[in-house]
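Enquirer: Encoded as C-alpha cells, here's the structure I'll be asking about.
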4 protein chains.
Amino acid sequence: MALSNIKRIAISTGGGDAPGLNAVIRAAVLAALNRGWECYGIRDGYTGLLLPEQYVEGGMMRLTRDRVRGITHLGGTIIGTTNRNNPTQYPITDKDGNISYIDRTDELVRSFMLHHIDALVTVGGDGSLAIANVLAQKGLRVVGVPKTIDNDLDRTVVTFGFDTAVAFATECLDRLHSTAASHGRVMVVEVMGRYAGWIAVNAGVAGSADVILIPEIPYNLQNVIAKIKEREEHGYNFTIVIVAEGAKPQGGDVTVKAKSVGQAERLGGVGEKVAADLQELTGKETRVVVLGHLLRGGSPTSQDRLIALRFGAAAVRALEEGQSGIMIALDPPNVNYVPLEEVAGRMRAVPLDCDTMMTARDLGICFGD
Amino acid sequence: MALSNIKRIAISTGGGDAPGLNAVIRAAVLAALNRGWECYGIRDGYTGLLLPEQYVEGGMMRLTRDRVRGITHLGGTIIGTTNRNNPTQYPITDKDGNISYIDRTDELVRSFMLHHIDALVTVGGDGSLAIANVLAQKGLRVVGVPKTIDNDLDRTVVTFGFDTAVAFATECLDRLHSTAASHGRVMVVEVMGRYAGWIAVNAGVAGSADVILIPEIPYNLQNVIAKIKEREEHGYNFTIVIVAEGAKPQGGDVTVKAKSVGQAERLGGVGEKVAADLQELTGKETRVVVLGHLLRGGSPTSQDRLIALRFGAAAVRALEEGQSGIMIALDPPNVNYVPLEEVAGRMRAVPLDCDTMMTARDLGICFGD
Amino acid sequence: MALSNIKRIAISTGGGDAPGLNAVIRAAVLAALNRGWECYGIRDGYTGLLLPEQYVEGGMMRLTRDRVRGITHLGGTIIGTTNRNNPTQYPITDKDGNISYIDRTDELVRSFMLHHIDALVTVGGDGSLAIANVLAQKGLRVVGVPKTIDNDLDRTVVTFGFDTAVAFATECLDRLHSTAASHGRVMVVEVMGRYAGWIAVNAGVAGSADVILIPEIPYNLQNVIAKIKEREEHGYNFTIVIVAEGAKPQGGDVTVKAKSVGQAERLGGVGEKVAADLQELTGKETRVVVLGHLLRGGSPTSQDRLIALRFGAAAVRALEEGQSGIMIALDPPNVNYVPLEEVAGRMRAVPLDCDTMMTARDLGICFGD
Amino acid sequence: MALSNIKRIAISTGGGDAPGLNAVIRAAVLAALNRGWECYGIRDGYTGLLLPEQYVEGGMMRLTRDRVRGITHLGGTIIGTTNRNNPTQYPITDKDGNISYIDRTDELVRSFMLHHIDALVTVGGDGSLAIANVLAQKGLRVVGVPKTIDNDLDRTVVTFGFDTAVAFATECLDRLHSTAASHGRVMVVEVMGRYAGWIAVNAGVAGSADVILIPEIPYNLQNVIAKIKEREEHGYNFTIVIVAEGAKPQGGDVTVKAKSVGQAERLGGVGEKVAADLQELTGKETRVVVLGHLLRGGSPTSQDRLIALRFGAAAVRALEEGQSGIMIALDPPNVNYVPLEEVAGRMRAVPLDCDTMMTARDLGICFGD
C-alpha cells in the first residue's frame, strides 16, 4: 500500500507485566515480516534507546521469525519492560543526590530516525499511552496497544491479561471454599483493582464469593457482617469475601483498629484491614490472602492469547493503512481505532447496572451497601 | 412485580453435554428463590415428565439452595440431559418392532399445569429451542437459554461451553508442538464444528497452528502441502493442522485413497482422511488426534461460568418481566432477548473477513485456499 | 474372612482440609461395600457422635455407592472435618465462662457400640492419630490414615495432599518469575511447613527459586543478600525466595526492624519479616506472597488421588485382616502398617543430605547457610 | 575431585519427546557449570556429530547459564531429539536406493575426543541406553538417564514424563465422565503402553474408569460386557473403559469384525477394535478417544520436574565420582546407579498383586479377566 511506505518498525512494551505481551509481539512481528518489513524490539520500555550503553548486545533486538517462535503462551516479554526511564520525565540525579526531571522525547524521536525506524508499536497502560501520544504529536508514527490487567482503561471493552487474572483468581476462590468450609472461617481475598473492581466482580461471581467489595461501591462492614450472620442461619458456617485493593469504606465506617497498624497497612492493604475488622467484630476466625502479585504473571489463557494476537496484528494493519496517534481497542466482535488523545487519564469503572452486576445481585452476593 | 405472578418454575437441560450447564441451573435457581419462587428440575430433558415412572424419586427434582451449592464449576448437569424423548416427535415402537413418531407436546403442556409450574427455563441447542418454541406457542411461559459448544447458533455472539472447548483444544495444540517438532511430523487435530469452524479458528490461532481447515472454506490439499514445504524451507520440519469435523475439500480434491476406507471414515472422519492423504502425498510421518468427545466435558473456564451464570439469572429476570417465547442472547457486554421463532434452523458461520480471520492471515496461517 | 467379622464400619476425617480426603472416603466405602459391609460417615470429626443433636439429619451419614460417586476429584470432605471437639480433651464452659477439659473417649467408644459400628477408619494428622491410638487402646477396632499437607508425619514417605500443594506452589513460582523479572524485584513466597520444609524444598526446586529457607536450616540473611548480589552480577536483576512458615534466623540475625511490628507478625509471619528486612538491607523493591491458605484446598492431583484411594482401600483391607491400632503408611511402591503408638509426636524433617537437597545445591540454590 | 578430571561434557537427548527433558538438561548444565566444567549439547540425538554439515551454527550447542534459564517447565528439548541416525545401525542408501546399515560408533567416539569432550550425559529410552552401553564399552565416559513415558523401563521405579502423562489422561477421563453420563454412552480411551499398562492403571484408578485393559492381563470382552450390564443394573447408563495400546484379547475372543478393517487398525489400534466390538455386542452407543500423541508433550508436572532435575544433577555427580557405563535410577526416596548392561532389553510390567492393582480390585474395577 502506498499509504505507509514502511520498511522498518520497532516494538516496545512498557509498565508492569501482563500475560499476553509476547503474543502481541509475535503477531506484530509476523504481520510485519509478512509485509516485507523489518522488525526491532526496544529493550525495557524505551531504555534500549535512552541508555543503549547498558546493553552489551545493543538496546535494539532484531526480531526474526525464529525469535518469536513458540512464545505466544509464555508469560513476560522477550524484549523486557519497565516502569522506569519515562522519556517525558526522565530522572537526573546531580552530584548532591538531588533528583530533577527532564524531557527526553525530542531526543527519543531523533533516535528513532537515526535507526531508520519508520513507525512504532508500543504496548502499555495509561502512562505508556500518554507517552505514545506525545511521541505521535512530535511526528513519530505510533500505534498504541492497550495493556491493563485491571481492565480499567477507557474506550476498550477488554484487554489481554484480564481473563488470565480472572481465571486465576477464580481458581483461588475454588481452592479456598473447601478450606473455609471445613474450618468454619471467613476468608478475605484481595485482588488487583485500584480504581475499578472488574477482577473482583468477575472472579467473585465466577468463583461463588459471598461478598464483593469494589471501589465503585463504598462498603459498610455492618452489611458484610449481616451477610455472614445470614449465611450462618442458612447453615453455612463460612464466608468468602473478595475485595479489590481500591475498595473504600463508607464515610464513618469501623476500621479504626486496623488503621492504627502502620506496617500492616503498607504491606497488606485493604484486605488485611477488612479481615482484622471482621475477626474483631464477628469473633469468627478470619484469614486474608493477597493475590496481587500472582495475577500479573503466568501463561495467558486462550482468550487472552487471541486478544493479544489480534491487537498485535491490528497494530501493523493500522500502520499499513497510514494510521498514527491511535490506540487499538476491542469493540466485540471487532477491533477498532481510538485517538490516543482521547484515552489518556480516563478510567472505566464497573457500571453498577451492567448485566454482570445484576447477575451478582440475583445470586444474593453482598456488595457491602 | 405484577407482570409475572410466578410462584413455581421448572428448569430443563436438553441435548449434549456442555461445560456451564450447572452454572445456568445454579443462577436460575438462586435468582428464582431470591424472588420467593419455588424451583424444580425436570430430569433428563423432558423425560421426567414424559416417563415419570422411570424415576424412583420422581421425574421432578426440587431444587433448593443446598442442592445447587458448589456446582458452578462442575461439568455435566445435576438434572440430567438427553438427546432422546423429543416431545414433538416421540418414538413409539409397536409389537412388531416398527417405530412411529407422535406429538406429545399437548400432553407435556398439561403436565406442566398439573404440577402447577408457571414457567419453564430450558437450556439447549437448535433442536431444544425449536421444541421450546412449540411449547411457547401452545401457551406455556418459556424462556430459552442457548447451548452450543460449536458456537454456531445465530443471534448470540457466544455461548457458554465454547471458551472451555477452545481452551482445551489450545492446550492440546501446545502439547503437540514439542512432539511434532522432535519427531518431524505432521500432526492433524480434528475438533468439533460440523457447520462452522469457530473452535478450529480460535484454537488454531491461539495454539499456533500452521493450517486451519473449516467448513466455511473448502480446502485444496495442494495448498496445505505447499505450506508444509514452505515451512521445511524455513527450517521447520513439522506442521500442525487443525481441522473442523465439517471441513470439506474443494470440488475435485485428492481424497480418493482414504475415502475407500469405509470403517476409518465412520470412526475418524475428515481428520483421518486429511492425515492419510498428507502422509501419502508428502511422505512425511503424519498422525491424527480426534478431540471431539473431550471438548464437551470438564470444568467450565471462569469465562464460561460467567456467561452461564448471567444467562441463568437473565432467564429468570426475563420471566419476571413477563417475557415468553424468547431466547437469552449475548450482545457484549449486554444480554438481550431474541424471539425463539427467529432462532430455529439458522446457523452462524465464521465471517471470512472478521478480525480473527484477518489476524490468522497476518500470522501466515494457511486455510487450504 | 473369619478374622474380621465386620458388618458395619464408620469413617471420620479430622483436622484441617487436605486434597484427597474424598478419595480416601470413596475408596474405603467401595472397598467395604464390595465386602458386604455397611458404611457410615461421622460428621465433622467425632462431632456427629459427641453432639448428635446439632444435626437435623443425624450425626451419622449412611455412605452408599451413590453418595461417593464422582467425588474423587473434589476438594473438601463430604462428611466434614474440624479441629474442634477433641474427645480426649473436650472443652466444657461453666456458667462463669471458665473452660475446663474432660475426657469423653469412654463415652465415644460406647457410642460406637450402641450404633453397632464394628470398626473405624479415621483420617487425620498427628493429633487425630493420637486420639485414634487412645480409642484403639480402649478396645475400638481402629485403622488410621495419615493426613498432612506439610508431609512431616514420621513413618510414611509421603501422604496425599502434599503433591497438590507442591504443584500449586510451583505454579505460583512460575507466575512470579516473569513479574519479578520485568519489575526487577525480590519476591518472597511463604508456604506451609511449620516444622519441616518439604513444600518449600520441593516447590522451590521444581519452580526454580533462587533461595529456599526452611526450619531445618537456620538462615543468615547476609547469605541471602550475597545471593541477590551474585545474581545481579550475572545480569539477573530479580530474585525469588521461598520460605517455609517455620523458618528461623540464625542466633543473632538482623530482623530487628520487622520484629517490632506486632501486627505484621501476627498476620504475615516469617515471609513478611524476610521481605521487610531484605528491602531494608538491599534497597531493592521487595514483595511478599503468602500462599498458606491456598495450599490446603483444590482438586487433588492424579498422584494424590492415587495415594488417597490406595490408603482408603488399604485401611479396609487391614480391618479385614484383623488389624487394629495401626496407621497405613507408604513405603514406595508398597503400602504397609505402622503401630499408632509409634507415630504420635514424631516428626519427619527434610534430611539435609537427601538427593533432592543435593540437587538443590547442584543447581546453586541458596539455603541461607 | 581427583577421580574425574573432567573439563568439558556433552549432553544428548534421544528417542521420542517426554515432558522433563529440558529440566534434565538444565540441571546437568548448572551442576556442571558450578563445578567449573564446560557444557555442550549435541543436536538431535547424535546427529550433530554424525551429520554436522546439516547445522549452520554447528552440531554442538554451547550450553551456558543463560541458555538453560527458564526452561524447566517447557516441553520438548532445546537440543533436539530424534529416532533416526542410530550410530550402531546407521542407514546408508546406495545409488540404487538400497539401504544398508553400518556401525559408526568408533567414528562417534573419536569425534567426542576431537571435540575434547571428556564425558557424555545421554537421556533416552531402551534403544538410546543400549547405544550408550556400546559407547561406554568403547571407552567413552557415559552416564545414562532413563526416559520412558510408558514407565516400562526395568530397574527404576519411575521416570520423568510418566506423572505428566498420567495427570493428563486422568484429566481426560474427568472430562469424559459427564459427557458419557449425559449421553448414556460407553467411552473407550486408548493410552500409551505397548508392553506395560502403567499409564492405563494409574490414570484409570485416579480417573474412576470402570474397566481397565492392559497388556499384562489378556481380556475377555464378555467380562467387560458383564460389567457394563452390572452398571446398568445399579442405575449407571454409561461406562468408561481405558485401554493400553498393547492390550490383547484372550485366545479366542470376539474381535473378528474390527480385525477385518485394515486401515482402522493401523490408525486406531486396540481402542477402536474394542469400541467397535462393544457397540456391536451391547447395542450401546460407543465412542473411542485415542490420547497417544497428547501424552508425550506439554509442560511437566512439578513431580516430573523434580525427578528430571534430580536425574540431571545426579548424572553429573556420578561423572564427578568417576562413574561410567551406568544409568541413573530412582529407588524412592533415593537415586542410585544401575550398570547399563543390566538395563538393555528388560521390561517392567505392572505386578498383578501390587498395591495399586489391589486398590483397583477393591474399587470394583474390571480388568476383563
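Enquirer: Could you list all residues from the stretch A:169-209 that are of a type in the set (A, V, I, L, M, F, W, C) and at the interface with chain C (Cβ under 7 Å from one of its Cβ atoms)?
Expert: A:172, A:176, A:181, A:187 - these are the residues of the stretch A:169-209 that are of a type in the set (A, V, I, L, M, F, W, C) and at the interface with chain C (Cβ under 7 Å from one of its Cβ atoms).
Enquirer: Do the conditions hold for residue A:148, that is, is it buried (at least 24 other Cβ atoms within 10 Å of the Cβ), of a type in the set (S, T, N, Q), more than 19 Å from residue A:130 (Cα to Cα) and within 23 Å of the chain's Cα centre (by Cα)?
Expert: no
Enquirer: I'm told residue D:252 meets every condition in (1) at pLDDT 95 or above; (2) farther than 27 Å from residue C:25 by Cβ except one. Can you identify the failing condition by its number?
Expert: (1)
Enquirer: Here is a follow-up. Taking the stretch C:183-199, which residues are closer than 30 Å to residue A:82 by Cβ and assigned to a helix (DSSP H, G or I)?
Expert: C:183, the sole residue that qualifies.
Enquirer: Residue pairs, Cβ under 8 Å, 6 or more apart or interchain, first in the stretch C:23-45 and more than 21 Å from residue C:74 (Cα to Cα) and touching a residue at least 12 places away in the same chain (Cβ under 8 Å), second in a helix (DSSP H, G or I) and of a type in the set (Gly, Ala, Ser). List them.
Expert: Partner pairs satisfying both residue conditions: C:38/C:32.
Yes/no matrix, rows are residues, columns are (1) over 19 Å from residue D:209 (Cβ atoms); (2) in contact with a Gly (Cβ under 6 Å, 6 or more places away or on another chain):
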site	(1), (2)
D:272	no, no
D:277	no, no
D:285	no, no
D:290	no, yes
D:326	yes, no
D:341	yes, no
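Enquirer: Another question, then. For residue A:17, work out the one condition from (1) in contact with a strand residue (DSSP E or B) (Cβ under 7 Å, 6 or more places away or on another chain); (2) within 14 Å of chain C (Cβ to nearest Cβ) it doesn't fulfil.
Expert: (1)
Enquirer: Still on this structure, please answer the following. How about the stretch B:279-300: which of its residues are in a helix (DSSP H, G or I) and either closer than 21 Å to residue B:15 by Cα or within 17 Å of the chain's Cα centre (by Cα) (or both)?
Expert: Answer for the stretch B:279-300, where residues must be in a helix (DSSP H, G or I) and either closer than 21 Å to residue B:15 by Cα or within 17 Å of the chain's Cα centre (by Cα) (or both): B:292, B:293, B:294, B:295.
Enquirer: Quick check on this structure: which one of D:171, D:216 is in contact with a Gly (Cβ under 9 Å, 6 or more places away or on another chain), surrounded by fewer than 24 Cβ atoms within 10 Å (Cβ to Cβ) and part of a helix (DSSP H, G or I)?
Expert: D:171 is the lone residue from the list that is in contact with a Gly (Cβ under 9 Å, 6 or more places away or on another chain), surrounded by fewer than 24 Cβ atoms within 10 Å (Cβ to Cβ) and part of a helix (DSSP H, G or I).
Enquirer: Just need a number here: residues in the stretch D:318-332 that are touching a helix residue (DSSP H, G or I) at 6+ places or on another chain (Cβ under 7 Å) and either at the interface with chain C (Cβ under 7 Å from one of its Cβ atoms) or not in a strand (DSSP E or B) (or both).
Expert: 2
Enquirer: Quick check on my filter: what residues within the stretch C:134-168 are within 14 Å of another protein chain (Cβ to nearest Cβ), part of a loop (DSSP other than H, G, I, E, B) and of a type in the set (S, T, N, Q)?
Expert: C:151, C:156, C:159
Enquirer: Taking the residues in the stretch D:343-358 that are under 16 Å from residue D:214 (Cα atoms) and in contact (Cβ under 8 Å) with a residue 24 or more places away in the chain as candidates, determine which candidate is nearest to the other protein chains (Cβ to nearest Cβ).
Expert: Restricting to residues being under 16 Å from residue D:214 (Cα atoms) and in contact (Cβ under 8 Å) with a residue 24 or more places away in the chain, the top hit is D:356.
Enquirer: Does the stretch C:87-94 contain at least one residue that is among the acidic types (Asp, Glu), outside any strand (DSSP E or B) and surrounded by fewer than 18 Cβ atoms within 10 Å (Cβ to Cβ)?
Expert: yes
Enquirer: What number goes with the only condition from (1) buried (at least 24 other Cβ atoms within 10 Å of the Cβ); (2) part of a helix (DSSP H, G or I); (3) in contact with a strand residue (DSSP E or B) (Cβ under 7 Å, 6 or more places away or on another chain); (4) at the interface with another protein chain (Cβ under 9 Å from one of its Cβ atoms) that residue B:303 does not pass?
Expert: Here residue B:303 meets the rest and fails (3).
Enquirer: Something else now. When the stretch C:332-369 is examined, which residues are found to be under 14 Å from residue D:317 (Cβ atoms) and basic (Lys, Arg)?
Expert: Answer for the stretch C:332-369, where residues must be under 14 Å from residue D:317 (Cβ atoms) and basic (Lys, Arg): just C:361.
Enquirer: Taking the conditions exactly as written (surrounded by fewer than 19 Cβ atoms within 10 Å (Cβ to Cβ) and at pLDDT 95 or above), does residue B:223 satisfy them or not?
Expert: Spelling it out, residue B:223 is indeed surrounded by fewer than 19 Cβ atoms within 10 Å (Cβ to Cβ) and at pLDDT 95 or above.
Enquirer: A further question on this structure: State all residues of the stretch A:219-238 that are aromatic (Phe, Trp, Tyr) and in a loop (DSSP other than H, G, I, E, B); if no residue qualifies, say none.
Expert: Within the stretch A:219-238, A:236, A:238 qualify.
Enquirer: Oh, and also: Out of B:70, B:97, B:20, B:36, report the one residue that is under 20 Å from the mean Cα position of the chain (by Cα) and of a type outside the set (Phe, Trp, Tyr).
Expert: Every option except B:20 fails the conditions.
Enquirer: Right, here's the next one. So residue B:6 fits all but one of (1) surrounded by fewer than 24 Cβ atoms within 10 Å (Cβ to Cβ); (2) within 12 Å of another protein chain (Cβ to nearest Cβ); (3) of a type in the set (Val, Ile, Thr); what number is the exception?
Expert: (2)
Enquirer: Among the residues of the stretch B:164-184, what is the count of those that are more than 22 Å from residue B:149 (Cα to Cα) and touching a strand residue (DSSP E or B) at 6+ places or on another chain (Cβ under 6 Å)?
Expert: Number of matching residues: 2.
Enquirer: Looking for something among the aliphatic types (A, V, I, L, M), more than 30 Å from residue D:358 (Cβ to Cβ) and either surrounded by 24 or more Cβ atoms within 10 Å (Cβ to Cβ) or within 14 Å of another protein chain (Cβ to nearest Cβ) (or both) - is there at least one such residue anywhere in the stretch C:55-71?
Expert: yes
Enquirer: Quick one: which residue in A:212, A:240, A:228 is of a type in the set (A, V, I, L, M, F, W, C), in contact with a helix residue (DSSP H, G or I) (Cβ under 9 Å, 6 or more places away or on another chain) and within 12 Å of chain B (Cβ to nearest Cβ)?
Expert: Unique residue meeting the criteria: A:240.
Enquirer: Can you report the number of residues in the stretch D:344-369 which are among the charged types (D, E, K, R) and either over 23 Å from residue C:25 (Cα atoms) or surrounded by 22 or more Cβ atoms within 10 Å (Cβ to Cβ) (or both)?
Expert: 4
Enquirer: How many residues, within the stretch C:72-112, are among the hydrophobic types (A, V, I, L, M, F, W, C) and within 14 Å of another protein chain (Cβ to nearest Cβ)?
Expert: Selection size over the stretch C:72-112: 3.
Enquirer: Working only within the stretch C:15-50, note down all residues that are part of a loop (DSSP other than H, G, I, E, B), modelled with pLDDT of 95 or more and hydrophobic (A, V, I, L, M, F, W, C).
Expert: C:37
The values are calculated or read from the model by the stated rules, or taken from the named source; none is laboratory data. Keep in mind that this is a model prediction, so the values were computed, not measured. Note that each Cβ is placed from the backbone with ideal geometry, even for glycine, and that neighbours are counted across all protein chains shown.
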